[in-house]
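Data first, discussion second: the structure below is written as structure tokens.
The values are calculated or read from the model by the stated rules, or taken from the named source; none is laboratory data. If you're wondering where the values come from, they're calculated on a predicted model, not measured in any experiment. Reconstructed Cβ throughout: ideal geometry from the backbone, glycine too, with neighbour counts over all protein chains shown.
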Amino acid sequence: MRTLFAALILCLPATAQAHEIWIERDGTGPARIYLGEPGEPMPPDGDPEFAKLKAPRILAQPGAVLTRRTGFLETNLPAGDVRAWDDTVFAPWGPDGKKEGVVYYARAGRAEAKARLPFELAPVTANGSRFVLTRDGKPVPGATVALYAPDRSKTDLTTDKAGTIETGKTDETGKSGVAKPGRYLLVASKKEDGPISLPGGVAQAVYRITTTSYVVR
């Protein structure tokens, strides 16, 4: 039993870092919040870790009601971009004094050219194809950003000195002359040394993972 427990603990860092929370929304319809691996097909019953996604906080919507569906949480919200975060999915793991943790951030939409989460990928201009990665409002240069296309293919981009990336030209309506139509997902991560207090305990290092989804018409 101890050997099995140790093996599960060793697998946890890879599981936490391989997973992301992301939000999908079609127009002004319900927002769908997922936990999983965006580059992989979603299992019919949802990701095996989905049960750990219990109560992500929706920015500026404290009264949002979350309904559990197969593989995602659903909530009805006012029109506009949706942002959420969760620091309770995985409790800190590892030996005492060397524990690690993870905090997830997610956004759907690019109508607002502004970052409101502590770690966020926001469009430089409304509905634009250029995004800036910020931590507490400050650009993060030299960071790797994964871009997942509608067919789940992945392209790695690197933020420039201003913390920005170009994902493919689109006009102010969101219509693209380069990128294929469909839903895209941006993913970035940042490791920070602690100690940092999380709801599940104190971690000596924390991985912050942020996603932004948007639709190209």
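For residue 18, state whether it is small (Gly, Ala, Ser), at pLDDT below 95 and under 27 Å from residue 145 (Cβ atoms).
Here the answer is yes, as residue 18 does meet what is asked.
From the set of residues in the stretch 158-193 that are at pLDDT 95 or above and hydrophobic (A, V, I, L, M, F, W, C), which is surrounded by the fewest Cβ atoms within 10 Å (Cβ to Cβ)?
The selected residue is 162.
Does residue 214 qualify as being touching a residue at least 12 places away in the same chain (Cβ under 8 Å), out of contact with any Leu (no Cβ under 6 Å at 6 or more places or on another chain) and among the hydroxyl-bearing types (Ser, Thr, Tyr)?
For residue 214, the condition - touching a residue at least 12 places away in the same chain (Cβ under 8 Å), out of contact with any Leu (no Cβ under 6 Å at 6 or more places or on another chain) and among the hydroxyl-bearing types (Ser, Thr, Tyr) - is met.
Counting only residues that are outside any loop (DSSP other than H, G, I, E, B) and under 24 Å from residue 186 (Cα atoms), how many does the stretch 69-101 have?
Residues flagged as outside any loop (DSSP other than H, G, I, E, B) and under 24 Å from residue 186 (Cα atoms) within the stretch 69-101 amount to 10.
This table checks each residue for (1) of a type outside the set (A, V, I, L, M); (2) closer than 24 Å to residue 28 by Cβ; (3) touching a residue at least 40 places away in the same chain (Cβ under 8 Å).
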{"residue": "87", "(1), (2), (3)": "yes, no, yes"}
{"residue": "90", "(1), (2), (3)": "yes, no, yes"}
{"residue": "101", "(1), (2), (3)": "yes, no, yes"}
{"residue": "106", "(1), (2), (3)": "no, yes, yes"}
{"residue": "110", "(1), (2), (3)": "yes, yes, yes"}
{"residue": "114", "(1), (2), (3)": "yes, yes, no"}
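When residues of the stretch 21-54 are filtered for being among the hydroxyl-bearing types (Ser, Thr, Tyr), under 18 Å from residue 148 (Cβ atoms) and surrounded by fewer than 22 Cβ atoms within 10 Å (Cβ to Cβ), how many remain?
Of the residues in the stretch 21-54, 0 are among the hydroxyl-bearing types (Ser, Thr, Tyr), under 18 Å from residue 148 (Cβ atoms) and surrounded by fewer than 22 Cβ atoms within 10 Å (Cβ to Cβ).
Among the numbered conditions (1) farther than 30 Å from residue 52 by Cα; (2) more than 18 Å from the chain's Cα centre (by Cα), tell me where residue 158 comes up short.
So the condition that residue 158 fails would be (2).
Look at residue 75 and say whether it is touching a Leu at 6+ places or on another chain (Cβ under 6 Å) and among the β-branched types (Val, Ile, Thr).
Details: touching a Leu at 6+ places or on another chain (Cβ under 6 Å): yes; among the β-branched types (Val, Ile, Thr): yes.
For residue 75, the condition - touching a Leu at 6+ places or on another chain (Cβ under 6 Å) and among the β-branched types (Val, Ile, Thr) - is met.
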